[in-house]
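A short write-up of the structure that comes next.
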Amino acid sequence: MASLRKKERSDYYFACFTGPDGRRVQRSTKQVKRKQAQAVANEWEKASRLAGEKRLGEAQARRVVADIYEAISNEPLRSAVARDFLLQWAETRKVDTALRTYQAYTQVIRDFVKSLGERAGLDISQLIKADVAKYRDEVLKRTSVANANKSLKYLRVALGAAYKDGVAQENPASKLDTLRRREADRAERRPFTVKELKNVLAYASGEWKGIILFGVYTGQRLKDIARLTWQNIDIESEELRFVTAKTGRRMSLPLASPLLAYVQTMPAGDEPSAPLFPDAHAIASKEGSDGRLSQQFYGVLVAAGMAKERTKEETGKGHSQRRTVSEISFHSLRHTATSLLKNAGVPAAVAMDIIGHESEAINRHYTHIEAATKRAALRKLPKLL
């Protein structure tokens, strides 16, 4: 049985036991109470004996550490199998996040568990930086830098939860830096030219002509436009009022004259909650279906001769494989509105307030952009119809 001794100038008990090589060892238990110090010493001696017999594997070593912790604190050492903790954690995100975010977390966690292989059965505290790097590089190989960085971001949150819950001593994902974009991923979204916009509008059918006009003259996101109802429109004050889905920002935008003229031609019923664009509204109201609207807009671009028709294999890739990055999309209308405003001499702070960006100038000076200022800025936009 291991013995204890005290040394001068130290409050701690020292354990005396036989090491794996047969020599006597003295090691501080970091304990000031004799009973707890003896428990630590006994476990060290047991571990030393197993090591000498070459029977101290990783699992047994963790058991020794757990026994020491329990002997000192009178409670078991918390632990969790990596696979179980991560999958359960992803499932809890269904309660406090949007469906698409929950689905993204779940997919990343499942892919990471698959990447871990047999290591997924280890205690989560055993995961290391190399495990995360291996998964990140797998995502990079089959998709893009953006997706690899996004996956790393999700893992930082998940493994950070393990650290906060006390079942891991560190967050290995936090040790990895985000990747720099490669040349192959640098196909930036660009704004439409006025000539291109007129061409697209000429080929837009059904609700899409109105949706595109809202994109150009408000600079808002596709989902926000698709979910507009007549109660968001104040014809008398010529304003559009709504709350953005992504940031929750309350927007109040003057309707540009060309857009107002188009709205006045649209069939409006007696029900204020009726959608401006019923078909698009029905799609946008379904969680996780945003891609359908984007695909429909891509079809308009194809009809206008501004994009190549995608094969079934390309449309079915999703985010699991690398896709060809298109220079123009509906989001390009957001860039278009910004560019048109700036080219017309509108101050950056005003343009960014109209689009809904958190302008550095606005944040620094707490500037409030008056409706009259925004209305004057929107008058400078070109007529497209």
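Within the stretch 223-288, list the trypsin sites (Lys or Arg not before Pro) lying in a DSSP loop whose Cβ has at most 11 other Cβ atoms in a 10 Å radius.
Taking the stretch 223-288 and a limit of 11 other Cβ atoms within 10 Å, the loop trypsin sites (Lys or Arg not before Pro) found are 246, 286.
Could you list 221, 375, 34 in order of exposure, starting from the residue whose Cβ has the fewest other Cβ atoms within 10 Å?
34, 375, 221
Which whole-number percentage describes the relative contact order of the stretch 82-185, with Cα contacts under 8 Å and a sequence gap of 6 or more?
Computed value for the stretch 82-185: 28 percent relative contact order.
Work out the charge dipole of the stretch 198-313 with +1 on the Cβ of Lys and Arg and -1 on the Cβ of Asp and Glu about the Cα centre, then indicate which of 278, 296, 225 is farthest towards its positive end.
Value computed over the given set: 296.
Determine the alpha carbon to alpha carbon distance for each of 150/223; 94/175; 195/246 and list only those over 23 Å.
On the way: 150/223 21 Å; 94/175 27 Å; 195/246 30 Å.
Exceeds cut-off: 94/175; 195/246.
Based on alpha-carbon centroids, what's the gap between the stretch 106-147 and the stretch 191-208 in Å, whole number please?
So the separation of the two Cα centres works out to 43 Å.
Which whole-Hz couplings ³J(HN,Hα) result when phi for each residue of the stretch 84-90 is put into the Karplus expression 6.51 cos²θ - 1.76 cosθ + 1.60, θ = phi - 60°, listed in order with x for Gly and Pro?
5, 4, 5, 5, 5, 4, 4
Assigning unit charges at the beta carbon (Lys, Arg +1; Asp, Glu -1) and nothing else, what dipole magnitude in debye, to the nearest 20, does the stretch 103-150 show about its Cα centre?
Result for the stretch 103-150 is approximately 180 debye, rounded to the nearest 20.
Modelled label-to-label distance, residue 24 and residue 11, 7 Å Cα→beta-carbon offset: nm?
Rounded to a tenth, the inter-label distance reads 2.8 nm.
List the trypsin sites (Lys or Arg not before Pro) within the stretch 109-185 that fall in a DSSP loop (any state other than H, G, I, E or B) and whose Cβ has at most 15 other Cβ atoms within 10 Å.
Of the trypsin sites (Lys or Arg not before Pro), the ones in loops of the stretch 109-185 whose Cβ has at most 15 other Cβ atoms within 10 Å are 180, 181, 182.
Each reported figure results from applying straightforward, stated rules to the coordinates on display, with no laboratory input. None of these values were measured; they are calculated from a predicted model. A quick note on method: Cβ atoms are made from the backbone with ideal geometry, for glycine too, and the neighbour counts reach across all protein chains shown.
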